Amino acid sequence: MLPEAFQERMRRMLGREYEAFSEALEGERCQALRLNTLKRGADSCSAAGRYGAENVGDGVEKCGSTRPGICMDFAHLTKVPWAENGYYYQPEDQPGKHPFHEAGVYYIQEPSAMAPAELLDAKPGERILDLCAAPGGKSTQIAAKMRGQGILVCNEIHPARAKILSENIERMGICNACVTNETPERLAEFFPGYFDRILVDAPCSGEGMFRKNQAAYEEWSLENVELCAERQDEILDRAAGMLRSGGKLVYSTCTFAPEEDEGSIARFLSRHREFSILPIEKERFGLAGCDGGAEYLACGETGEAVSALHLERTLRMWPQRIRGEGHFAALLQKDGGLFTEICNKGTVSAESGAEKPKSLMGDLYAFCEENLRFYAPPDRAGGGGLFAELGRTVEMGEGARPVRFGENVYLVPAGMPSLRGLKVLRPGLHLGELKKNRFEPSHALALALPPESATHMWNLGAHDPLVTAWLKGHTFPAEGEKGWYLICVEGFSIGWGKLAGGIMKNHYPIGLRRKDFKES
């Protein structure tokens, strides 16, 4: 049973529509996945280009694929109207138990949760912050729109959730993301007026997830709603200081509570007159009839002051009106003409705050020369040739730079500011580890590399028993030149193997090995 106080409030808010709302919460929840435009296969076609439902037939033939892959394995895919590469699936499809999931071909994401990142409308080359980012669905969606160019800072305050966020950034082959584990207050000290766009998917009371998560309504209370609203005010204030003049901010929650939705926006605008609500083209997103509005404010305020805020421009996604859970979003813009903008202190060399790469990192160069087709002779003045080629290969754009933390080497996007003093889980693409007399490539590098860049590649079919065994940590017999191999499934990289003595040794990370994949 839903909390009585929640039911009473929703009856007041929805009136005659409450019965339809109540029936929707009792119905089956919708499930969806989002195809990854960053993941390229051996045919140089992205996962979204090869397997997008609208491209079946034409797209498969154009990309040279011999089988429709995901569209054959998951026969029930239908389009999510408001997400460019989002598709509903049916429970029997079980995409979480398919090898494509581990290869980063798609991200499993609640369909309504795809809307905020679409509204943010990230562009390549921009500086973007996802302030409350775990587990990473919206961050990976933003990264896909950035196409590897620009700087994406993904932050999560809770350490365990930040680790999950970092793992999902890695799985989706994202190279230009920095993952931090900080408070909004701490980040605001480092990034005054720095970001072009900010997403605040705020911690909330989770009412929109009642159908999906029983614990959400078991833990619900009016007191918790009030606490969440207070916390959201603090988070939004910090976000406001990190946004540049003219920049855009999307605020979103997965709750119906007016105090946390229109109420949070109204309070924010009263404190920050330099912001205004931008209209959302709801018809374009297939969300007609999902307006927010002043009538939902818990305090019941009306009149000119509230009307002038244009709360009707906000978005409310109702489960009785769409195929998805409850969600709220508002698109805000900062007008730098009203107040003096805090000037950003500027960026510094990516190597600052970390140990600079020693001499020529000879073991890394040797690995690249032997195992990567794009290898360029090292620039003896600092290795710019190799890292420029790496940056272009993983589509990070020009100016990507190496950073060494202890024995670990990362490639960070151009313009990355100093991170000294911040808790950083990953500053960019993890290339690997410099061990004694050898370089060991990272799992992140394998997932980010297009297969054609590897000197040796071993491709497994999605239904080959070997791929299931591989993801469980087993080796398999193989013949060929000894050395590192990029292991792929249906042409998509999934990890490293090392061939020696007729055995492909398994370098799939122990912590990621699974026991629950579909058997052929």
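The values are calculated or read from the model by the stated rules, or taken from the named source; none is laboratory data. Nothing here was measured: the structure is a model prediction, and the numbers come from that model. When we count neighbours, we look across all protein chains shown, and the Cβ atoms used for this are built from the backbone with ideal geometry, even at glycine. We work out accessible area using only protein heavy atoms, side chains counted, and drop any ligands, DNA or RNA first. Shrake-Rupley method; radii C 1.70, N 1.55, O 1.52, S 1.80 Å.
General observations
- Selection over region 177-213 of residues that are in a strand (DSSP E or B), among the acidic types (Asp, Glu) and surrounded by 21 or more Cβ atoms within 10 Å (Cβ to Cβ) gives a count of 1.
- Among the residues examined, GLU283 qualifies as open to solvent by 20 Å² or more (accessible area, probe 1.4 Å) and at pLDDT below 95.
- For region 214-239, the set of residues classified as touching a Gly at 6+ places or on another chain (Cβ under 7 Å) and exposed (fewer than 15 other Cβ atoms within 10 Å of the Cβ) is empty.
- For region 386-420, the set of residues classified as surrounded by fewer than 19 Cβ atoms within 10 Å (Cβ to Cβ), at positive phi and touching a Gly at 6+ places or on another chain (Cβ under 9 Å) consists of GLU395, GLY399, GLY415, listed by residue number.
- The single condition from (1) on the phi < 0 side of the Ramachandran plot; (2) at pLDDT 95 or above; (3) part of a strand (DSSP E or B) that GLY432 fails is (1).
- Any pair with Cβ under 7 angstrom, 6 or more apart, that starts in region 1-26 at a residue that is over 16 Å from TRP220 (Cβ atoms) and ends at one that is basic (Lys, Arg): TYR18/ARG11
- Selection count, region 464-504, where residues are without any contact (Cβ under 8 Å) to a residue 24 or more places away in the chain and outside any strand (DSSP E or B): 5
- When MET13 is tested against the conditions (1) closer than 29 Å to ALA215 by Cβ; (2) modelled with pLDDT under 80; (3) open to solvent by less than 60 Å² (accessible area, probe 1.4 Å), the lone failure is (2).
- Those residues of region 436-455 which are surrounded by fewer than 18 Cβ atoms within 10 Å (Cβ to Cβ) and outside any strand (DSSP E or B), in sequence order: LYS436, ASN437, GLU452, THR455
- Residues of region 127-140 classified as open to solvent by 30 Å² or more (accessible area, probe 1.4 Å) and in contact with a Phe, Trp or Tyr (Cβ under 8 Å, 6 or more places away or on another chain), total: 1
- Inspection of region 248-263 finds a residue satisfying the criterion of being within 19 Å of PHE191 (Cβ to Cβ) and open to solvent by 30 Å² or more (accessible area, probe 1.4 Å).
- Number of positions in region 421-435 that are in contact with a helix residue (DSSP H, G or I) (Cβ under 9 Å, 6 or more places away or on another chain) and open to solvent by 10 Å² or more (accessible area, probe 1.4 Å): 8
For every residue, the table says whether it meets (1) open to solvent by 10 Å² or more (accessible area, probe 1.4 Å); (2) small (Gly, Ala, Ser); (3) under 14 Å from the mean Cα position of the chain (by Cα).
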{"residue": "LYS97", "(1), (2), (3)": "yes, no, no"}
{"residue": "VAL105", "(1), (2), (3)": "no, no, yes"}
{"residue": "ILE142", "(1), (2), (3)": "no, no, yes"}
{"residue": "ARG147", "(1), (2), (3)": "yes, no, yes"}
{"residue": "ILE151", "(1), (2), (3)": "no, no, yes"}
{"residue": "ARG171", "(1), (2), (3)": "yes, no, yes"}
{"residue": "CYS175", "(1), (2), (3)": "no, no, yes"}
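- Failed item, numbered, when GLY148 is tested on (1) more than 24 Å from PRO184 (Cβ to Cβ); (2) among the small types (Gly, Ala, Ser); (3) in contact with a Lys or Arg (Cβ under 7 Å, 6 or more places away or on another chain): (3)
- Looking only at region 474-506, residues that are open to solvent by 20 Å² or more (accessible area, probe 1.4 Å) and touching a helix residue (DSSP H, G or I) at 6+ places or on another chain (Cβ under 8 Å) come to 3 in all.
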